[in-house]
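Where a number appears in this text, it was derived from the coordinates with a stated rule and is not lab data. Because the structure is predicted, anything quoted here is derived from the model rather than measured. Reconstructed Cβ throughout: ideal geometry from the backbone, glycine too, with neighbour counts over all protein chains shown.
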Amino acid sequence: MRVLIRALVAASWVFLCARAAMDECSDDELRAQRCMPEFVNAAFNVTVVSTNTCGSPPEEYCVQTGATGVTKSCHICASGDPSNHHSAGYLTDYNNQQDTTWWQSQTMLAGIQYPNSINLTLHLGKAFDITYVRLKFHTSRPESFAIYKRTREGGPWVPYQYYSGSCEKTYQKAGRGFIRTGEDEQQALCTDDFSDISPLTGGNVAFSTLEGRPSAYNFDNSPVLQDWVTATDIRVTLNRLNTFGDEVFNDPKVLKSYYYAISDFAVGGRCKCNGHASECVKNPSEQLVCDCKHSTAGDDCSSCQPFFNDRPWRRATADNSNECLPCECNGRSSSCVFDPELYRSSGHGGRCLSCSDNTDGPNCERCLDYYHREERGGGRCLACSCSTVGSESPQCDDRGVCACKPGVTGEKCDRCQPGFHSLTEAGCRPCSCSPSGSTQECDVNTGQCRCKDNVEGFRCDRCKLGSLVLQLCLQLIKQVRELETEL
Ligand SMILES: *[C@@H]1O[C@H](CO)[C@@H](O)[C@H](O)[C@H]1NC(C)=O
Ligand SMILES: *[C@@H]1O[C@H](CO)[C@@H](O)[C@H](O)[C@H]1NC(C)=O
Ligand SMILES: [Ca+2]
């Protein structure tokens, strides 16, 4: 019993050393703090599935007295009989010293002995942080048995601990092994401490998940051990019965006195919520799930709620609740994702999605490309609307002014400058008008120069026939021709 108590205390210390108000997810000033569900026997009233149980059809078993030749008291195990059955439900019922109930296997007479094994499987229905697994035997403890666990639903069975008087022979494990700092802390050890045939009844075996594992003293910072204590299922595999060696004579009475019987199967631990919930509850489909706080989500509070992706999810520690923080989207988006690159560069990893009001950027903080911020009023983002023909680029400046191609003008670059005509992808062409015969302006669409009186032609370089001042006109044009040639 002293060994048991020592084991349980050693195993519980990590959990007990946590802050006093562990059931509160925020303190008096409403600051988030680590919280966890209460410590419970996770196996209580949970059905264990056994691969072998005595009593169908009814069969006789005899109580082991240890002495050979002494008349043994024999009884009937009958699965249908309320007062003589020993079904697996008795493993996890209320454990009453005065009125012991126990599960019992068939006897050695029915072939129960190594290498035939029996599995007792406990399905917790949810991840728990396991502190200990304890078995109370109604007969003598087995010569060899093992405890396995599943870390996640449907995952592989991982050995937790071997108990054997023949560690090397049965499990190929060194007996009395221990784990040094730096070694794999997720390995199952084998011990022969609990494998004696005595006591013949009431022997306990308790496995504490963290005992003898160096990083237990730094549990908050040991993902390896955090994973080690996590289990959704626990399985006890009974491999070899203890005997006095008298079974070799094949006396049925002797063989009927060897069988497995366990009166209590307890699993001490807490519903696993990663420090983000103070209780587990049944969801609408009757599954046990954490009642997550700190803006976390999931059955085990192992992710952040949608829109709380400003930093990566972390489990809560004694001095940091590590609650999930909302994305900053300036009220222009209700969805975001975590962006590791953004988190590295800015310390805020939330990238807002589908920003409204023509905004863009990780926080919807700037205008979309080809938009600019309104100078007065509400500072809305307005479209640049730069002319696709006349602008160098669809992007305008802060004041909404577009960059125009040569000869083009207007805020949106949608018309020709004075003295230019015919807006195309190449900009506007300069008017080519005779300086003396025209006003040097031309039609913006056709390029037709605006001619002085008595002058005509596309460039205004011909005199009108029949003009009164024809002579004067011809003279003028001749002079201009000469001037142009000189230049
Ligand atoms: C045990 O579980 C059953 C349902 O499986 C439930 O009806 C009963 O109340 C539980 N007993 C206790 C003591 O929790
Ligand atoms: C019992 O459990 C062991 C270990 O998980 C497994 O290998 C074996 O197949 C199981 N046996 C039965 C009958 O379920
Ligand atoms: Ca019981």
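Data table
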item	result
Longest to shortest principal axis, alpha-carbon extents of segment 204-351, angstrom	84, 40, 24
Rounded FRET efficiency, nearest 0.05, which uses the C-beta distance separating residue 446 from residue 395 and R0 of 35 Å	0.65
Contact order relative to length of the chain, as percent, for alpha carbon pairs under 8 angstrom and 6 or more apart	13
Computed over segment 74-198: relative contact order in percent, which uses C-alpha pairs under 8 Å that are six or more apart	17
Gain in span if fully extended, residue 409 to residue 458, counting 0.36 nm per residue against the direct Cα distance	15.2 nm
Phi to ³J(HN,Hα) by Karplus 6.51 cos²θ - 1.76 cosθ + 1.60 over segment 378-394, Hz, x for Gly, Pro	x, x, 5, 8, 10, 5, 5, 6, 5, 4, 5, 8, x, 9, 5, 8, x
At R0 = 41 Å, FRET efficiency that the Cβ-Cβ distance of residue 345 and residue 178 yields, to 0.05	0.35
Amide N proximity, segment 49-65 versus residue 81 label position 7 Å along Cα-to-Cβ, cut-off under 12 Å	55-56, 58-61
Protection proxy ranking of 104-110, 118-124 - average other beta-carbon atoms within 10 Å, highest first	104-110, 118-124
Reachable lysines, given that their alpha-carbon falls under 20 Å from the alpha-carbon of residue 136 and they are not under 8 places away in the same chain	149
Segment 325-471, relative contact order [Cα under 8 Å, separation at least 6], %	11
In nm, spacing of pseudo-spin labels at residue 217 and residue 24 (7 Å Cα→C-beta vector)	3.2
Anchor residue 256: aspartates and glutamates whose Cα lies under 14 Å away (excluding residues fewer than 8 positions away in-chain)	59, 60, 246, 247
Peptide ranges 280-291, 131-142 listed from the most packed, as the mean C-beta count within 10 angstrom indicates	131-142, 280-291
Relative compactness, segment 51-210, computed as alpha-carbon Rg over 2.2 N^0.38 Å	1.15
On Cα atoms only, tilt of 2-16 relative to the major axis of the chain in degrees	20
Nonlocal amide H pairs with residue 419, under 5 Å, H built at 1.01 Å	442
Per-peptide average of other Cβ atoms within 10 Å, ordering 418-426, 262-270 highest first	262-270, 418-426
Whichever lysines have a C-alpha closer than 19 Å to that of residue 452, once near sequence neighbours (fewer than 8 apart) are set aside	464, 478
Computed lengthening from residue 158 to residue 60, 0.36 nm per intervening residue step minus Cα-Cα distance	31.7 nm
Efficiency of FRET from Cβ geometry, residue 283 and residue 320, R₀ 25 Å, rounded to 0.05	0.30
Contour minus Cα-Cα distance for residue 168 and residue 244 (0.36 nm per residue)	25.3 nm
Nearest 10 degrees, 0 to 90: helix 470-486 Cα axis against the chain principal axis	50
